[in-house]
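The values are calculated or read from the model by the stated rules, or taken from the named source; none is laboratory data. No experiment lies behind these values; they were computed from the predicted model shown. When we count neighbours, we look across all protein chains shown, and the Cβ atoms used for this are built from the backbone with ideal geometry, even at glycine. Accessible surface is based on the protein model in full, side chains and every heavy atom, while ligands, DNA and RNA are left aside. Shrake-Rupley method; radii C 1.70, N 1.55, O 1.52, S 1.80 Å.
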Amino acid sequence: MTTIAIDNVSRWFGNVVAVNDVTMIISPGVTGLLGPNGAGKSTLINMMGGFLAPSTGTVTLDGATIWRNEGAYRHIGIVPEREAMYDFLTGAEFVRANAELHGLSDPGAAAKKALATVEMEYAQDRRIDTYSKGMRQRVKMASALVHEPSVLLLDEPFNGMDPRQRLQLMGLLRQMGVDGRTVLFSSHILEEVEQLAHHIEVIVAGRHAASGDFRKIRRLMTDRPHRYLVRSSDDRTLASALIADGSTTGLEFDIHDKALRIQAVDFMRFTELLPRIAREHGIRLYEVSPSDESLESVFSYLIAA
């Protein structure tokens, strides 16, 4: 059960501040790292993987500093976003080379197992320069898994993969999280993050913007009305009772969906008020669904803040 702690970390390149005073904990399970392009995600992953030193602050693995700590590297597998690889090697040679660098007792067997895990046995004897982008991603994944690390850091791992490959990798990462490994991945495809991550960390302009379950994050955004779609047996009576209360600021009838669209400024009061009004007026509620509680909505609100 391995944990990475990032404590007041900044990293700058000349006059450019890529990461600015970030503090977060990456715990066992699957964590999604989100942020616009240039937000500092790759820089943060590289510091967690031991490729970069923080300019200030500390990055530790179970209390031990990661930078220039060979012992820490044995517990970390990383899949960088960059494409640079040893293209003259076969997939099997590339993965075996990493197994040998880790000093594994049987590097050939470890490489074979890692390639099977990512379903790349069929192409393991081909040179990497003949691979598609998705195949290259899977071989990088095999190389990161060859020493069976307790921490896996993935920078845009789904790039170039077809739908079947994405599903296979998502299933693999989900199982690793269930097994107690610490998995962190960045992705610009929010649907993948929503399906896979039990926890998100959001970086905006190098700063830590939010942390936790995205639904809980949304409910903490008290400056933005919560939007709901409600279907009932008597929309007009329900709307009249709701609009008279200060917890809602807007209601409209959606003729196409045959429903009410409601903006609630007081989340807690609204969730208590709606069933009470329905009960008092004998109204049946057929559907109550949030229309802006998706990860996409939360992310758009955060980057616009």
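Look through the range 111-125, keep the residues that are in a loop (DSSP other than H, G, I, E, B) and open to solvent by less than 100 Å² (accessible area, probe 1.4 Å), and return whichever of them is farthest from M170 (Cα to Cα).
Going through the range 111-125, the residues in a loop (DSSP other than H, G, I, E, B) turn out to be 118-120, 124-125.
This time we only want the ones that are open to solvent by less than 100 Å² (accessible area, probe 1.4 Å), so: 118-120, 124.
Numbers: V118: 11, E119: 13, M120: 16, Q124: 21 Å.
Only one residue fits best here, namely Q124.
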Count of residues meeting criterion [closer than 15 Å to T56 by Cβ and surrounded by 23 or more Cβ atoms within 10 Å (Cβ to Cβ)] in the range 23-42: 1
All positions within the range 93-135 that are touching an Asp or Glu at 6+ places or on another chain (Cβ under 6 Å) and hydrophobic (A, V, I, L, M, F, W, C): L115, I128
In the range 151-195, the residues that are out of contact with any Leu (no Cβ under 9 Å at 6 or more places or on another chain) and of a type in the set (S, T, N, Q): N159, Q165, Q168, Q175, Q195
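Can you name every residue in the range 130-147 that is in a loop (DSSP other than H, G, I, E, B) and modelled with pLDDT of 95 or more? Quick ask: steps written out before the conclusion?
Going residue by residue through the range 130-147, those that are in a loop (DSSP other than H, G, I, E, B) are 131-132, 146-147.
V146, H147 - these are the residues of the range 130-147 that are in a loop (DSSP other than H, G, I, E, B) and modelled with pLDDT of 95 or more.
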Filter result for the condition that a residue is not aliphatic (A, V, I, L, M) and not in a loop (DSSP other than H, G, I, E, B), over F88, F94, F51: F94
Any hit, the range 183-196, residues being open to solvent by 10 Å² or more (accessible area, probe 1.4 Å) and under 18 Å from T3 (Cα atoms): no
Boolean, V9 is modelled with pLDDT of 95 or more, in contact with a Gly (Cβ under 6 Å, 6 or more places away or on another chain), surrounded by 18 or more Cβ atoms within 10 Å (Cβ to Cβ) and part of a strand (DSSP E or B): yes
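Give me the helices (runs of 4 or more DSSP H) completely within the range 150-236, filtered to those with at least 1 residues that are at pLDDT 85 or above and either within 28 Å of G57 (Cβ to Cβ) or in contact with a Phe, Trp or Tyr (Cβ under 9 Å, 6 or more places away or on another chain) (or both), ordered by residue number.
Those helices (runs of 4 or more DSSP H) span 163-178, 190-196.
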